[in-house]
Amino acid sequence: MAVRALIVGLGNPGPQYAQTRHNAGFMVVDRLAERYGITWRSERGPSLLGWGQLEGCPVGLMKPLTFMNRSGVAVGEVVRYYRLPLERLLVIYDDLHLPPGRIRLRPGGSAGGHNGVEDIIRALGTTNFPRLRIGIGHAYARGRQADYVLSPFTQEEWPLVEAALERACQAAVTFACEGLAAAMNRYNRAASLE
């Protein structure tokens, strides 16, 4: 595959999930597709793929259509089919451990309790692939995590979320064009200064 990066946004398919916290990854890749004129197609397994350029850098965008907890099925199939080196994979997803408005890039590590990422780790057989986490906070009562991640952002949260989604788009472009180290240096520092 002659692309610099495959940028995967995690989420759940269907209009009822479109604006939920768990779909932060979908929101980022949808913005990138719209901004850079990339068209979604169903061409390989249970996913939507789009091919194009971000600021002149050739990329693939991906949205698994398997529902969040089975994201590894779709991601694993595409990575294997295109023989993508894992350092070119960027998985974007929501994170309960970061407050709304924050983003954080990492070169790998545990799933941090995120079932979609855990399924990707299982499918790829490694924790060593880049991730971009988008903070959604954890303002939920004990035992209500599923309800929380499947609910929409509040009106008060949206300004923070909008800023985070925009920074996440910029970080994804930097990842594709300059690499993970440059993206981490630029956006992890910026996110921590808020």
Next on the checklist: Residue pairs, Cβ under 8 Å, 6 or more apart or interchain, first in segment 46-72 and on the phi < 0 side of the Ramachandran plot, second of a type in the set (K, R) and part of a strand (DSSP E or B). List them.
Outcome noted: S47/K63; L48/R41; L48/K63; L49/R41; G50/R41
Item to check | Residue among Y148, Y82, Y140 that is farther than 27 Å from L48 by Cβ and aromatic (F, W, Y) | outcome: Y140
Next on the checklist: Criterion first (part of a helix (DSSP H, G or I), in contact with a helix residue (DSSP H, G or I) (Cβ under 9 Å, 6 or more places away or on another chain) and on the phi < 0 side of the Ramachandran plot) does V75 satisfy it?
Outcome noted: yes
Checklist entry - Among the residues of segment 85-101 satisfying the criterion of being at pLDDT 95 or above and touching a helix residue (DSSP H, G or I) at 6+ places or on another chain (Cβ under 8 Å), which is surrounded by the most Cβ atoms within 10 Å (Cβ to Cβ)? => result I92
Next on the checklist: Residues to consider are Y36, Y82, Y17; find the one that is aromatic (F, W, Y), at pLDDT below 95 and more than 16 Å from the chain's Cα centre (by Cα).
Outcome noted: Y82
Checklist entry - Can you tell me which of A171, A190, A182, A176 is modelled with pLDDT of 95 or more, assigned to a helix (DSSP H, G or I) and either basic (K, R) or over 18 Å from Y93 (Cβ atoms) (or both)? => result A182
Next on the checklist: What are the pairs with Cβ atoms under 7 angstrom where one residue, in segment 105-129, is under 21 Å from E77 (Cβ atoms) and the other, located anywhere, is of a type in the set (F, W, Y)? Sequence gap at least six, or different chains.
Outcome noted: G108/F129; H114/Y93; G116/Y93; V117/Y93
Checklist entry - How do the pairs read when you match residues in segment 1-21 that are in contact (Cβ under 8 Å) with a residue 40 or more places away in the chain with residues anywhere that are assigned to a helix (DSSP H, G or I) and surrounded by fewer than 19 Cβ atoms within 10 Å (Cβ to Cβ), using Cβ under 9 Å and keeping only pairs 6 or more apart or on different chains? => result M1/Y81; M1/Y82; V3/Y82; R4/C177; A5/C177; L6/Y82; G11/Y17; R21/Y148
Item to check | Selection status of G50, closer than 23 Å to L86 by Cα and either modelled with pLDDT of 95 or more or assigned to a strand (DSSP E or B) (or both) | outcome: yes
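The values are calculated or read from the model by the stated rules, or taken from the named source; none is laboratory data. Since the model is a prediction, treat every value here as computed from it, not as a measurement. Every residue, glycine among them, receives a Cβ derived from its backbone with ideal geometry; neighbour counts consider all protein chains shown.
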